[in-house]
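Before any comments, here is the structure.
Derivation of every value follows stated rules applied to the coordinates shown; laboratory data play no part. From a predicted model like this one, the values you see are computed outputs, not experimental measurements. Methodologically, a virtual Cβ is constructed for each residue, glycine included, from the backbone with ideal geometry; neighbour enumeration extends over all protein chains shown.
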Amino acid sequence: MERILEFIFTYRQEIFLVILSVFLGIEIISHVPAILHTPLMSGANAIHGVVIIGAIIVMGHAEGTLALVFGFLAVFLGTLNVVGGFVVTDRMLDMFKKKPSSRP
């Protein structure tokens, strides 16, 4: 318990910044109109593509098992995020397509 408290005391500014960023992100995302969701999702997919490339590069230079495992996790989770983002974007775009009429 003492080590945990020491860690929190040592990195209190960084922990505060992460917590503040989470609340700010939730507040900003909750106020995004639905019409802007698809373009923002596409931009996030592009950013995550860059993250995947960076994780692959870091994984190639890994000097230990732990770094290799973290690199693999970063690539795997980033890929899941990108694929999921494209699926959601595709479904959102399908909502804007006109449906064929069933009249003869």
- prompt: region 1-85: which GluC sites (Glu not before Pro) are DSSP loop and have at most 11 other beta-carbon atoms within 10 angstrom?
  reply: 63
task: May I ask for the equivalent-ellipsoid semi-axes of region 1-56, computed as the square root of five times each C-alpha gyration tensor eigenvalue and listed largest first in whole Å?
output: 32, 19, 6
- prompt: Among the trypsin sites (Lys or Arg not before Pro) within region 52-98, which fall in a DSSP loop and have no more than 14 other Cβ atoms within 10 Å of their own Cβ?
  reply: 97, 98
- line: Reviewing (1) 38, 22, 10; (2) 20, 16, 12; (3) 32, 21, 15, the figure for semi-axes √(5λ) of the Cα gyration tensor in Å actually calculated from this model sits under (1)
message: Taking 0.36 nm per residue of sequence separation and subtracting the Cα-Cα distance, how much length would be gained by fully extending the chain between residue 10 and residue 28, in nm to one decimal?
response: 3.5 nm
- line: At the level of C-alpha centres, the distance separating region 33-104 and region 1-18, in angstrom, is 32 Å
query: How far is helix 12-30 tilted off the main Cα axis of the chain, in degrees rounded to 10, range 0 to 90?
result: 10 degrees
- line: Between the Cα axis of helix 34-60 and the main Cα principal axis of the chain, the angle (0 to 90°, nearest 10) is 40 degrees
- request: Please arrange 21, 30, 42 by counting, for each residue, the other beta carbons lying within 10 Å of its beta carbon, fewest first.
  value: 30, 21, 42
